[in-house]
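Below is one structure; the comments refer to it alone.
The values are calculated or read from the model by the stated rules, or taken from the named source; none is laboratory data. All of these numbers come straight from a predicted model, not from anything done at the bench. Cβ placement follows ideal geometry from the backbone for every residue including glycine, while neighbour counts extend to all protein chains displayed.
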Amino acid sequence: MVLSQGLFSGSVTVGRLFATAPVAATNSTVARRLGDRFADTINAKDYGATLDGKTDDSQAIRSAQAVAGLNAVSLPIGTASIKALPDTMSGRFNGEGRLRTGDGLPRGRMFARRSTEPTRYSNMGDISTAFDGDFSTVHLAIEHRIDGDSTLTRPSSNYAFHHENSAITVFCQNKSGYNALSNDQGGRTGCAAITGRIVQEGQGDAAILSLGGTVYGTNPGSTHFLANPAVLLMFGDVFGFADGTYQQVDEFSHNDYGFDVAVSSTVRNFYRTNDAGAKGAWWVATRYQSSGTKAVDVAFQILGRWKNVLDTSNMSTGPTKAVATLAAGQRIYLNASNPDFYSNPAAVRVGDVWLTYNPGSGKVEIVVKGAPVIQASAQGIEGNVLTPITNIYKESGPISVSDLVAVIEADQNRHMSIGIGKNDGHTIVIKCLGDGKVYLTGILDNTKDNILELNSQSSMEVLSLLWSSNYNSWLVLSRSLSNLRSATT
């Protein structure tokens with residue numbers, strides 16, 4: 001187009017000509033005026049905003065927002081200074097520029113403020129109605145559909161997951177950071193691919209992330225629920241490619257800052273109404289699966305101070321009344337310890353006192369230092385059950401005469417002696433625990449109806465046992481006693 005000098009006069013300008021002249025974009029079918037095309041985006045500068053960070057742009061921002069209505073106001077590169085965020089301001093602002101309030105603090109690059117109730121609500125139960133609401137202050141309203149039987153590929157066996165089919169994909173690669181210590185996590189940096197924080201100053205609930213899922217249909221011909229479609233609200237993999245690195249799925253810290261607050265760290269609500277077990281279906285609240293060639297150190301670890309570790313006082317059990325289930329031969333240790341409080345669950349010392357069911361004998365056993373001290377069966381309680389225990393000997397020396405049990409802790413060698421003179425009708429049980437040897441010297445003189453029972457799990461050795469003028473007296477050796485050197489009567 002050629003323009004000649006003097007062709008236009010009065011208020012007609014070249015700029016107005018271009019604004020009113022229809023222009024068709026390359027490969028488009030409809031010509032539009034440039035003024036209309038510029039108006040497709042509500043630019044704050046078109047309403048007088050300077051975005052120089054010094055001039056008060058409050059009025060320009062209000063004017064732009066009033067025209068935008070449900071649409072977003074674009075902020076070009078720069079800073080729009082405004083006095084405050086008045087109640088009349090609402091809607092969305094985005095772009096390379098930013099709003100900065102009178103306190104000198106910048107607002108988010110994508111800023112939205114909702115101050116009135118939405119004019120319409122959507123129904124998230126179906127994708128066709130999920131966005132039929134007032135999304136005027138929602139920055140990202142994404143409708144992501146995947147159609148076609150083979151769009152997600154059709155693997156014959158292995159699991160297939162492709163990021164290209166996700167609505168949002170984030171890949172954050174970190175080659176920075178610092179660890180100051182060689183034996184702890186102090187002096188450590190952190191970063192995140194996605195960061196969120198919420199401040200609740202209203203009523204009701206406020207959440208960083210709200211997830212929901214619905215699963216329909218089954219796999220024709222399937223015989224097990226694992227072969228049917230599934231909904232996973234979150235899932236992923238973590239890989240380690242260097243010795244000594246650390247993997248952790250999540251960590252949240254609760255702090256009351258001196259206020260009496262309520263905390264429930266993790267809650268799972270279950271509403272089951274059908275337990276027929278179709279196609280093997282079952283419900284499990286938490287499941288840990290170890291499928292590697294080496295055993296995982298600990299499945300569940302608790303540190304620090306707790307009033308109760310497991311509370312089932314408000315739980316209703318099924319017909320078996322099961323609170324815990326153990327396979328035959330598995331143990332509950334009663335004297336386990338871990339000297340490494342924070343870092344090494346593998347350092348647990350399981351101890352030598354446990355409760356177990358012995359499938360060989362068919363008895364429930366309480367085992368102390370490798371010796372079953374209490375054995376319970378359908379016939380009753382058996383074994384080394386004599387109570388109360390009042391005499392515990394930790395060093396060598398004489399054993400007092402008593403109808404009760406004398407327990408010798410024989411972690412080291414012990415030299416013990418016992419003597420009964422003119423005392424009738426006593427039952428004396430010598431029970432030795434530990435790995436040390438016990439050298440016992442016994443003298444029973446002019447007594448009757450006495451029983452001396454040697455019941456030991458240690459390598460007890462009886463050097464001399466003298467019986468003189470005794471009748472109806474018995475020496476009882478337990479099945480575990482070994483190395484009986486001499487007994488003289």
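Points worth noting:
- For region 36-57, the set of residues classified as small (G, A, S), touching a strand residue (DSSP E or B) at 6+ places or on another chain (Cβ under 8 Å) and without any contact (Cβ under 8 Å) to a residue 40 or more places away in the chain consists of A49 only.
- Flag set for A285, criterion: free of Cβ contacts under 8 Å to residues at least 24 places away in the same chain, out of contact with any strand residue (DSSP E or B) (no Cβ under 6 Å at 6 or more places or on another chain), closer than 30 Å to G221 by Cα and not aromatic (F, W, Y).
- Looking only at region 427-453, residues that are among the aromatic types (F, W, Y) and over 55 Å from the mean Cα position of the chain (by Cα) come to 0 in all.
- Qualifying residue in region 282-303 (condition: at positive phi and either part of a loop (DSSP other than H, G, I, E, B) or within 19 Å of the chain's Cα centre (by Cα) (or both)): no
- Among the residues of region 300-332, those identified as small (G, A, S) and modelled with pLDDT of 90 or more are S313, S316, A322, A324, A327, A328, G329.
- Candidates are the residues of region 106-151 that are in contact (Cβ under 8 Å) with a residue 24 or more places away in the chain and not in a loop (DSSP other than H, G, I, E, B); the one that is farthest from the chain's Cα centre (by Cα) is P106.
- Among the candidates V231, V267, V249, residue that is in a loop (DSSP other than H, G, I, E, B) and either surrounded by 10 or more Cβ atoms within 10 Å (Cβ to Cβ) or touching a Lys or Arg at 6+ places or on another chain (Cβ under 7 Å) (or both): V231
- Condition check for P76: closer than 17 Å to G48 by Cα and of a type outside the set (A, V, I, L, M): yes
- Identification of strands (runs of 3 or more DSSP E) wholly contained in region 360-440 with 1 or more residues that are modelled with pLDDT of 75 or more and not aliphatic (A, V, I, L, M) yields 363-368, 371-377, 389-393, 397-399, 405-409, 414-421, 427-433.
- The set of residues from region 139-190 being closer than 21 Å to Y246 by Cβ, among the polar types (S, T, N, Q) and surrounded by 10 or more Cβ atoms within 10 Å (Cβ to Cβ) comprises N174, N179, Q185, T189.
- Scanning region 339-375 for residues that are surrounded by 15 or more Cβ atoms within 10 Å (Cβ to Cβ) and closer than 18 Å to A299 by Cα, we see that the one that is farthest from the chain's Cα centre (by Cα) is V348.
- Checked against (1) at pLDDT 85 or above; (2) outside any helix (DSSP H, G or I), M1 passes all but a single condition, namely (1).
- Residue count for region 23-55, restricted to those that are over 21 Å from N71 (Cα atoms) and among the aromatic types (F, W, Y): 0.
- Residue under evaluation Y333, criteria (1) free of Cβ contacts under 8 Å to residues at least 24 places away in the same chain; (2) farther than 19 Å from W354 by Cβ; (3) of a type in the set (S, T, Y), criterion not met: (2)
- Scope region 337-355; condition touching a Lys or Arg at 6+ places or on another chain (Cβ under 6 Å) and closer than 19 Å to I374 by Cβ; matching residues: D352, W354
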